[in-house]
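The structure appears right after this line, and notes come after that.
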Amino acid sequence: MSYKRLFGEFFREKRLQLNISLREFCFKNGFDPGNISKIERGLMSPPASPEKLTQYANALQIRKDSDDWIEFFDRASACRGEIPTEILNDVELLKKLPVLFRTIKGEKLTEEKLNEISEIIRRGD
C-alpha cells in the first residue's frame, strides 16, 4: 500500500461519513473532483499548505482540535514524508525521535536505551 493512501483513506472515510458523493462534495465546497479523487486513492500527496488542509478538514466537518483534526494533519505530514511541526518545535520530544525510529525499525537497543524508553512510558512523556 502506498503511504500516501493513509491520508487518502482517512479523507474518503470522513467524506463517506457525511453520506456525500465525491462530485457532490467537490461541487458544494469548490474543490476539483479530479484532485480529490487522486488524494483519496493515494495518487497525489496531501497539500502542504495548512490553509488548504484546514479548508479540507472544515469541508469534512472535522472539529478543530479534535482527535480527528490532529490525525488529519498528522497523516498529511506523514504522507508527505515530514515530521509534524509541533513535534519539530518541541526540543525535548525531538531528542527522543532517534530512539523511537530505531525501535520502530526493530534495531537492537542497548539496555540503557530500553530503560530510557520504559521510563518515558512510565512517566507518560
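The values are calculated or read from the model by the stated rules, or taken from the named source; none is laboratory data. Only a predicted model underlies this, so the values are computations on that prediction, with no experimental measurement involved. Here the Cβ is made from the backbone with ideal geometry for all residues, glycine too, and neighbour counts use every protein chain on show.
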Inspect all residues belonging to segment 80-93 and state whether any of them is in contact with a Pro (Cβ under 6 Å, 6 or more places away or on another chain), of a type in the set (A, V, I, L, M) and either modelled with pLDDT of 80 or more or exposed (fewer than 11 other Cβ atoms within 10 Å of the Cβ) (or both). no
Within segment 76-96, track down each residue that is under 28 Å from ILE39 (Cα atoms), free of Cβ contacts under 8 Å to residues at least 60 places away in the same chain and in a helix (DSSP H, G or I). SER77, THR85, GLU86, ILE87, LEU88
Which residue is surrounded by the fewest Cβ atoms within 10 Å (Cβ to Cβ), if the candidates are limited to segment 42-67 and must be among the charged types (D, E, K, R) and modelled with pLDDT of 95 or more? GLU51
Among (1) part of a helix (DSSP H, G or I); (2) touching a Lys or Arg at 6+ places or on another chain (Cβ under 7 Å); (3) farther than 24 Å from PHE101 by Cα, MET44 falls short only on (1)
Whether any residue in segment 101-108 is part of a helix (DSSP H, G or I) and of a type in the set (Asp, Glu) is what I want to check. no
Taking the residues in segment 1-20 that are over 11 Å from the mean Cα position of the chain (by Cα), in a loop (DSSP other than H, G, I, E, B) and not small (Gly, Ala, Ser) as candidates, determine which candidate is modelled with the lowest pLDDT. MET1
